[in-house]
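Notes to accompany the following structure.
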Amino acid sequence: MSDIVVAVDGPAGSGKSSVSKEAARRLGYAYLDTGAAYRALAWHCLDEGVDVENPDAVLERVRAFDYATGMDPDRYYVRVGGEDITPDIREPRVSAVVSAVARVPEVRQSLNAMFRRLMDEHPAPGVIVEGRDITTIVAPDAPVRILLTASEEARIARRSAEVSAQTTEATAQQLASRDRQDSRVVDFMTAAPGVIPLDSTDIDFEQTVQALIDTVRSGI
Ligand code: C5P
């Protein structure tokens, strides 16, 4: 395993992906975006016409899931079957169905095994792994564990700025629906014992990156 594992969890729109990636870049660490794998699987199911509400059909897909991701924050990519789908996994149609894919327990087990393998394979000095259950399930022994939160208003505003193709209302509804579905599977709204909460509601991107880096440095 990389020398230092930094586990970061948080809800949709908390900024954890962009903040974690930038912090990894500045620390010279690798970066693992676990949500991207769930999104890629959801994209793959849509692409293949698989009914995402059918757990057996989704499970069949995960068994032969040819997933690859770039863990260098400067060369981040997401590929399925060799096809680069980095921008596609952020499409609203993928966000709308990803929770259905992510609630299948065997899918989670399979992807968690892959995440641990990717964490193990990556060289020192460290890796930032972000998602929903990294601090509690995937890497509960990580030396630094952080829960990145923000008020619902702030999260909607940030996500709306990213997804310009739809109204703020539609984005708000999607975000709330995804959080509701996801929180039935894992608790990413409250910090588990030993997990450091970091609230980014009233601080900007740069300050959040700095706060994350400071937390990593004081935790290792
Ligand atoms: O982090 P992001 O919002 O891109 O994650 C997309 C989806 O993947 C989440 O809404 C959730 O359903 C799923 N997910 C998960 N566990 C993780 C990371 C993501 O269930 N560790």
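The values are calculated or read from the model by the stated rules, or taken from the named source; none is laboratory data. As the structure is a prediction and not an experimental result, all values here were calculated from the model. With ideal geometry, Cβ positions are generated from the backbone for all residues, glycine too; neighbour counts draw on all protein chains shown. Keep in mind that these areas ignore ligands, DNA and RNA; they rest on the heavy atoms of the full protein, side chains included. Shrake-Rupley method; radii C 1.70, N 1.55, O 1.52, S 1.80 Å.
Name every residue in the range 191-203 that is over 23 Å from Ile220 (Cβ atoms) and either within 16 Å of the ligand (Cβ to nearest atom) or open to solvent by less than 50 Å² (accessible area, probe 1.4 Å) (or both), in order of residue number.
Initially, the range 191-203 is screened for residues over 23 Å from Ile220 (Cβ atoms), giving 201-202.
Correct list: Thr201 only.
Hey, can you tell me all the residues within the range 45-63 that are in a helix (DSSP H, G or I) and either within 12 Å of the ligand (Cβ to nearest atom) or over 19 Å from the mean Cα position of the chain (by Cα) (or both)?
Going through the range 45-63, the residues in a helix (DSSP H, G or I) turn out to be 45-47, 55-63.
Within the range 45-63, Leu46, Asp47, Pro55, Asp56, Ala57, Val58, Leu59, Glu60, Arg61, Arg63 meet the criteria.
Could you go through the range 144-164 and let me know if any residue there is over 26 Å from Ser95 (Cα atoms) and touching a helix residue (DSSP H, G or I) at 6+ places or on another chain (Cβ under 6 Å). Spell out the reasoning first.
First pass over the range 144-164, keeping only residues over 26 Å from Ser95 (Cα atoms): 144.
Narrowing further to those that are touching a helix residue (DSSP H, G or I) at 6+ places or on another chain (Cβ under 6 Å): 144.
Yes, the conditions are met somewhere in the range 144-164.
Read through the list (1) open to solvent by 60 Å² or more (accessible area, probe 1.4 Å); (2) closer than 23 Å to Gly13 by Cβ, then give the number of the only condition that Arg79 fails.
(2)
In this structure, does Ala150 turn out to be open to solvent by less than 50 Å² (accessible area, probe 1.4 Å), away from the ligand (no atom under 14 Å from the Cβ) and within 16 Å of Lys16 (Cα to Cα)?
Numbers: open to solvent by less than 50 Å² (accessible area, probe 1.4 Å): yes; away from the ligand (no atom under 14 Å from the Cβ): no; within 16 Å of Lys16 (Cα to Cα): yes.
Criteria not met by Ala150.
Since Ile137 meets every condition but one in (1) over 30 Å from Ile220 (Cα atoms); (2) at pLDDT 95 or above; (3) among the β-branched types (Val, Ile, Thr); (4) open to solvent by 30 Å² or more (accessible area, probe 1.4 Å), which condition does it not meet?
All conditions are met except number (1).
List, please: which pairs have Cβ atoms under 7 Å, are six or more places apart or on different chains, and start with a residue in the range 60-88 that is under 20 Å from Ala24 (Cα atoms) and end with one that is open to solvent by 30 Å² or more (accessible area, probe 1.4 Å) and part of a strand (DSSP E or B)?
Once the first residue is under 20 Å from Ala24 (Cα atoms) and sits in the range 60-88, its partners that are open to solvent by 30 Å² or more (accessible area, probe 1.4 Å) and part of a strand (DSSP E or B) give Ala68/Arg79; Tyr77/Asp84.
Return the pairs, sorted by first residue and then second, in which the second residue is open to solvent by less than 20 Å² (accessible area, probe 1.4 Å) and among the hydroxyl-bearing types (Ser, Thr, Tyr), the first residue lies in the range 1-27 and is part of a loop (DSSP other than H, G, I, E, B), the beta carbons are less than 7 Å apart, and the residues are 6+ apart or on different chains.
Qualifying pairs under 7 Å: Ser14/Ser200; Gly15/Ser200; Gly15/Thr208.
Condition check: closer than 25 Å to Val50 by Cα, assigned to a helix (DSSP H, G or I) and away from the ligand (no atom under 13 Å from the Cβ). Does Glu106 satisfy that? Step through it out loud before you land on a result.
On the way: closer than 25 Å to Val50 by Cα: yes; assigned to a helix (DSSP H, G or I): yes; away from the ligand (no atom under 13 Å from the Cβ): yes.
Yes.
Going by what's in this entry, would Ile89 be described as open to solvent by 50 Å² or more (accessible area, probe 1.4 Å) and part of a helix (DSSP H, G or I)?
Numbers: open to solvent by 50 Å² or more (accessible area, probe 1.4 Å): no; part of a helix (DSSP H, G or I): yes.
So Ile89 fails the test.
Of the numbered conditions (1) closer than 22 Å to Leu46 by Cβ; (2) of a type outside the set (A, V, I, L, M); (3) touching a Lys or Arg at 6+ places or on another chain (Cβ under 9 Å), Arg178 satisfies every one except a single condition; which is it?
Against the list (1) closer than 22 Å to Leu46 by Cβ; (2) of a type outside the set (A, V, I, L, M); (3) touching a Lys or Arg at 6+ places or on another chain (Cβ under 9 Å), Arg178 comes up short only on (3).
Which one of these is open to solvent by less than 60 Å² (accessible area, probe 1.4 Å), in contact with a strand residue (DSSP E or B) (Cβ under 7 Å, 6 or more places away or on another chain), within 25 Å of Ala170 (Cβ to Cβ) and in a helix (DSSP H, G or I): Ala36, Ala42, Ala100? I'd like the intermediate steps shown before the answer.
On the way: Ala42 fails: in contact with a strand residue (DSSP E or B) (Cβ under 7 Å, 6 or more places away or on another chain); Ala100 fails: in contact with a strand residue (DSSP E or B) (Cβ under 7 Å, 6 or more places away or on another chain).
Every option except Ala36 fails the conditions.
Could you list all residues from the range 188-210 that are in a helix (DSSP H, G or I) and aliphatic (A, V, I, L, M)?
Of the residues in the range 188-210, the ones in a helix (DSSP H, G or I) are 205-210.
Of everything in the range 188-210, just one residue is in a helix (DSSP H, G or I) and aliphatic (A, V, I, L, M), namely Val209.
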